[in-house]
Amino acid sequence: MSIIVVGSSAFDDIETPKGKRVRILGGSCIYFSLAASFKSKSKIVSVVGEDFPKNIFSKLNKKKILTEGLVVEKGKTFSWGGVYKTISEDPETRFTNLNVFEDFQPEIPNSYKKNNKILFLANIDPDLQNKILDGSSANKFIGLDTMNFWIASKRRSLFKAIQRVDLLTINELELKLITKKDSLERAFSDIFKKFQIKYLIVKRGSGGSMLVSRKNFHWIPSYPFVNLVDPTGAGDSFAGALFSHLSKRNSFTEKDILDGMIYGSAMSSFTIESFGTERLFKLSPKELEGRHKKLRKIARI
Ligand code: AMP
């Protein structure tokens, strides 16, 4: 089975205590699909401008990532600038230039619709997430990610989209912004009061991730032995790995999600060891499997 992923494709300017990079490849659906490529085919729906290098398409295709839905429009590619004052904190956004995303009307190509039961709405304008949901009804399992920018600017539209998915994956700050609750416990119960979702995943960086359902709570550690260089894309690559695991299993139980989260933790620990997507492009299945095994042992799974 394959995954349709809708999200941003970007040029990022990133500054962390370990250095600085300008106009490097980024975006939520790029990180997601690279991470997913080890276990599953993913099909990108996104937009870039005429300034986007053509060779990126073939680099993605080599990883079994389909790009028919990654359209090129007149104008500039989306760009984002973020600064991490300390490496463990959320970034401070310096700029968000929507550019070609301003007028983008996403469509799922017909060729993507065959043999597809999983949809992931990566971080992108909630109006576009809703548009994709309007046009796709045959999904077995749908996930959604977002960020503070959209929680602040498109709260209503975002809430409408969350109402229509199975799994919401956000970080702790985003959870507090959505629920306006300071205590985690109150935030959890508020989320399940507000939305029909089955699962909530809360990412906490080096503090691991939590899986919450109406009845249960689980905690998964992050891989402890990393040399953290740039946290960008950790969340998207975690989700890409998790959803590729679900796609391969073709099953969506709590146990499948927990196993997928360990795999996601192993994946994102590589993402953050270099700037941007560098490490994901070079990562070998053997390296990934080694760390995944170690993490399963640490987590006693
Ligand atoms: P994360 O996994 O949360 O670190 O996601 C990082 C990626 O999100 C970066 O590569 C950015 O290009 C992208 N991004 C930043 N702001 C936005 C936004 N408002 N909408 C969509 N994508 C964004």
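The values are calculated or read from the model by the stated rules, or taken from the named source; none is laboratory data. This is a predicted model, so every value here is computed, not measured. Positions of Cβ are backbone-derived with ideal geometry, glycine not excepted, and every protein chain shown enters the neighbour counts. What goes into the accessible areas is simple: the full protein's heavy atoms, side chains included, and nothing from ligands, DNA or RNA. Shrake-Rupley method; radii C 1.70, N 1.55, O 1.52, S 1.80 Å.
Wholly within the range 197-272, which strands (runs of 3 or more DSSP E) include no fewer than the required count, namely at least 3 residues that are within 16 Å of the ligand (Cβ to nearest atom)?
Numbers: elements: 199-203, 209-212, 217-220.
Ranges flagged: 199-203.
Out of all the residues in the range 129-151, which are assigned to a helix (DSSP H, G or I), aliphatic (A, V, I, L, M) and open to solvent by 10 Å² or more (accessible area, probe 1.4 Å)?
Here is the first cut: in the range 129-151, the ones assigned to a helix (DSSP H, G or I) are 129-134, 148-151.
Going one step further and asking which of them are aliphatic (A, V, I, L, M), we end up with 132-133, 151.
Across the range 129-151, the qualifying residue is only 133.
Yes or no: the range 168-176 includes at least one residue that is part of a helix (DSSP H, G or I), at pLDDT below 95 and either of a type in the set (Lys, Arg) or closer than 29 Å to residue 85 by Cβ (or both).
Of the residues in the range 168-176, the ones part of a helix (DSSP H, G or I) are 172-176.
Still in the running and at pLDDT below 95: 172-173.
Remaining after also requiring either of a type in the set (Lys, Arg) or closer than 29 Å to residue 85 by Cβ (or both): 172-173.
Yes, there is a match, as at least one residue in the range 168-176 is part of a helix (DSSP H, G or I), at pLDDT below 95 and either of a type in the set (Lys, Arg) or closer than 29 Å to residue 85 by Cβ (or both).
Taking the options 114, 85, name whichever one is within 22 Å of residue 243 (Cβ to Cβ) and either more than 20 Å from the chain's Cα centre (by Cα) or within 13 Å of the ligand (Cβ to nearest atom) (or both).
Values: 85 fails: within 22 Å of residue 243 (Cβ to Cβ).
Testing whether each residue is within 22 Å of residue 243 (Cβ to Cβ) and either more than 20 Å from the chain's Cα centre (by Cα) or within 13 Å of the ligand (Cβ to nearest atom) (or both) leaves just 114.
Does at least one position in the range 158-167 carry a residue that is polar (S, T, N, Q) and either assigned to a loop (DSSP other than H, G, I, E, B) or within 22 Å of residue 242 (Cβ to Cβ) (or both)?
Start the filter on the range 158-167 by keeping residues that are polar (S, T, N, Q), which leaves 163.
With either assigned to a loop (DSSP other than H, G, I, E, B) or within 22 Å of residue 242 (Cβ to Cβ) (or both) added as a condition, the list becomes 163.
Among the residues of the range 158-167, at least one is polar (S, T, N, Q) and either assigned to a loop (DSSP other than H, G, I, E, B) or within 22 Å of residue 242 (Cβ to Cβ) (or both), which makes the answer yes.
Sort out which residues of the range 188-220 are under 15 Å from residue 146 (Cβ atoms) and among the aliphatic types (A, V, I, L, M), and write them in order of number.
Once the filter is applied, which keeps residues that are under 15 Å from residue 146 (Cβ atoms) and among the aliphatic types (A, V, I, L, M), the range 188-220 yields 191, 197, 200, 201, 202.
Counting just the residues of the range 273-301 that are away from the ligand (no atom under 16 Å from the Cβ) and of a type in the set (Val, Ile, Thr), which one comes out nearest to residue 245 (Cα to Cα)? I'd like the intermediate steps shown before the answer.
Narrowing the range 273-301 to residues away from the ligand (no atom under 16 Å from the Cβ): 282-301.
Still in the running and of a type in the set (Val, Ile, Thr): 298, 301.
Details: 298: 20, 301: 16 Å.
Per the criteria, the residue is 301.
Give the range 152-187 a look and list any residue that's among the aliphatic types (A, V, I, L, M), surrounded by fewer than 20 Cβ atoms within 10 Å (Cβ to Cβ) and out of contact with any Asp or Glu (no Cβ under 9 Å at 6 or more places or on another chain), or say none.
Hits for the range 152-187 are 152, 177.
(1) assigned to a strand (DSSP E or B); (2) surrounded by fewer than 22 Cβ atoms within 10 Å (Cβ to Cβ): which one isn't true of residue 281, the others all being true?
That leaves (1) as the condition not met.
Residue-wise test of (1) open to solvent by 70 Å² or more (accessible area, probe 1.4 Å); (2) more than 11 Å from the ligand (Cβ to nearest atom); (3) of a type in the set (Gly, Ala, Ser).
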site: 22; (1), (2), (3): yes, yes, no
site: 26; (1), (2), (3): no, no, yes
site: 32; (1), (2), (3): no, no, no
site: 47; (1), (2), (3): no, yes, no
site: 60; (1), (2), (3): no, yes, no
site: 101; (1), (2), (3): no, no, no
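Conditions first: (1) within 16 Å of the ligand (Cβ to nearest atom); (2) open to solvent by 20 Å² or more (accessible area, probe 1.4 Å); (3) of a type in the set (A, V, I, L, M); (4) over 24 Å from residue 201 (Cβ atoms). Residue 108 passes all but one, so which condition is the exception?
Every condition holds for residue 108 apart from (1).
Does residue 208 count as on the phi > 0 side of the Ramachandran plot and either surrounded by 14 or more Cβ atoms within 10 Å (Cβ to Cβ) or among the aliphatic types (A, V, I, L, M) (or both)?
Working: on the phi > 0 side of the Ramachandran plot: yes; either surrounded by 14 or more Cβ atoms within 10 Å (Cβ to Cβ) or among the aliphatic types (A, V, I, L, M) (or both): yes.
So residue 208 passes the test.
Residues of the range 64-82 being away from the ligand (no atom under 15 Å from the Cβ), assigned to a loop (DSSP other than H, G, I, E, B) and either within 24 Å of residue 227 (Cβ to Cβ) or open to solvent by 60 Å² or more (accessible area, probe 1.4 Å) (or both), which ones? Break it down into steps so the answer makes sense when it comes.
Keep residues of the range 64-82 that are away from the ligand (no atom under 15 Å from the Cβ), which gives 64-69, 71-75.
The next check asks that each one be assigned to a loop (DSSP other than H, G, I, E, B); those that pass are 64, 73-75.
Across the range 64-82, the qualifying residues are 64, 73, 74.
Tell me which residues, restricted to the range 230-277, are touching a residue at least 12 places away in the same chain (Cβ under 8 Å), surrounded by fewer than 21 Cβ atoms within 10 Å (Cβ to Cβ) and touching a His at 6+ places or on another chain (Cβ under 9 Å).
Selection gives 254, 258, 259.
Go through (1) open to solvent by less than 30 Å² (accessible area, probe 1.4 Å); (2) under 18 Å from residue 298 (Cα atoms) for residue 226 and report which single condition fails.
(1)
Which members of the range 1-16 meet the condition of being more than 16 Å from the ligand (Cβ to nearest atom) and outside any strand (DSSP E or B)?
Narrowing the range 1-16 to residues more than 16 Å from the ligand (Cβ to nearest atom): 1-4.
Correct list: 1 only.
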